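Readers should treat all values here as calculations from the given coordinates under stated rules, not as data from a laboratory. Here the structure is a predicted model, which means the values were calculated and not measured. Positions of Cβ are generated from backbone atoms using ideal geometry, with glycine treated the same way; all protein chains shown enter the neighbour counts.
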Amino acid sequence: MQSYQVCLFGTKTYNTQKLIIFLMLFDLHVHSCFSKDSDSDLDSILKWAKINGLDGLAICDHDSVEGGVACSKRAEELDCDILVIPGIEVSSAEGHVLIIGVNKAIPPGLSVPETIICARE
């Protein structure tokens, strides 16, 4: 008979005889004070993530990667165990596109396919 360790939140391990699965809880669409529609400072974002049991988050400010890069550095400075993934919410010609895991700005106003091509470069 196999045994399981079960927990719904945070980084948890489910053990079986043949498989180990790691689960992490992330918010993948967070805006910071670097975005035109948010005034959340980096420290308060990290504190909110910790209080709410998140393992990580992606900072996806409008047309800017500055907030994500700065928050990632801030988490390291604080020796915070929250994983911060820099991202961007690009204003494409057809609407907003979330791109996660980038460190460079992507120009707004492109078509969605052009935006995706820029993100992959």
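Annotations
- Distant-in-sequence amide H partners of Ile85 (H built 1.01 Å from N, under 5 Å): Leu57, Ala58, Ile59
- Estimated distance in nm for a label pair at Asp43 and Ser111, the labels positioned 7 Å out from Cα along Cα-to-Cβ: 4.7 nm
- Percent of alpha-carbon pairs separated by more than 19 Å within region 26-120: 36 percent
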